[in-house]
1. From R50, R65, R39, which residue is within 24 Å of the chain's Cα centre (by Cα) and not assigned by TED's automatic domain parsing to the domain that holds F110?
2. Got at least one residue in the stretch 152-159 being surrounded by 13 or more Cβ atoms within 10 Å (Cβ to Cβ) and free of Cβ contacts under 8 Å to residues at least 12 places away in the same chain?
3. Cβ-Cβ distance below 6 Å, separation of 6 or more or different chains: which pairs start in the stretch 204-225 with a residue that is assigned to a loop (DSSP other than H, G, I, E, B) and end on one that is charged (D, E, K, R) and buried (at least 19 other Cβ atoms within 10 Å of the Cβ)?
Amino acid sequence: MKNAEKIMDIPIEKIKPFQNHPFGIRQDEEMDALLDSARQFGIITPGLARPLENGGYELVSGHRRLAACEALRLETMPIIVRDMSDDEAVINMVDSNLQREHIFPSEKAFAYKMKLEAQNRQGQRTDLTSCQVGTKLENEDSKRQVYRYIRLTYLIPELLQMVDEEKIAFTPAVELSYLTKEEHQHLYQTIESEECTPSLSQAQRMKRLSQDGILTPDKIFQTMRELKPNQKEKLSFKTDDLRGYFPKTYTPQQMQDTILKLLDNWRKRQRDKGAR
């Protein structure tokens, strides 16, 4: 009977991960806590899976729990077995995993894309934030923000990884997603060679040049070589490091004034030497 479900203890070897599952499993504090709990009490909350025609079960929700079972060499895992179509399974997989506390932008991007494609195939509303088959999305992302996340899937893997690592900010990354793959490659090479990352204004300018068909490798290089206001080099000294060179009664302002006067005199002497 369709949509019938039951809870079963399924042998681990019969559970297969969801195809193209976009959410990674990281050895972080959440995983450590799950392992500690599973070690003491077993898996308390069942996963969700659907039966496969050729035998076994495809896991829809509970991949970290499955990883914990494998790490602890548990033989079975409690599973809610539910009949689902391919698209229903995708929507349930995305909705359940978006509840995670820590999600990379790339994970959200591909998850939202998978859900949108599933909803399109079903002929459903595609705002991704209304109640659909499965659970309503419980997150703070608006319709516009969801589509901005999906734009990240157009980035080459190297740039997308930099977004996950917070080396490229989210908003500039969205703008860069409109560049071609070849332009992405040139941009990544420039980022690596020049050790710089694009600001929002730089990303927007490169997007416009790309749309006009005139974003050459040279223009990417020139754009990225521009000095950003927050990247200007600064020279600073700690007051304590300078205190030994001045009378104890000197204030920081008096110390600064004296240093500037000394530098002025030094510059004049350098000019005099050059004039000889």
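1. On the way: R50 fails: within 24 Å of the chain's Cα centre (by Cα); R39 fails: within 24 Å of the chain's Cα centre (by Cα).
The match here is R65.
2. no
3. These pairs meet every condition: L215/E183.
Every residue, every condition in (1) in contact (Cβ under 8 Å) with a residue 24 or more places away in the chain; (2) among the charged types (D, E, K, R); (3) closer than 20 Å to D164 by Cβ, yes or no:
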{"position": "K6", "(1), (2), (3)": "yes, yes, no"}
{"position": "I25", "(1), (2), (3)": "yes, no, yes"}
{"position": "D36", "(1), (2), (3)": "no, yes, no"}
{"position": "P51", "(1), (2), (3)": "yes, no, no"}
{"position": "E58", "(1), (2), (3)": "yes, yes, no"}
{"position": "L98", "(1), (2), (3)": "yes, no, yes"}
{"position": "F104", "(1), (2), (3)": "yes, no, yes"}
{"position": "A109", "(1), (2), (3)": "yes, no, yes"}
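The values are calculated or read from the model by the stated rules, or taken from the named source; none is laboratory data. On a predicted model such as this, the values are computed, not experimentally measured, just so you know. Cβ: placed from backbone, ideal geometry, glycine included. Neighbour counts: every protein chain shown.
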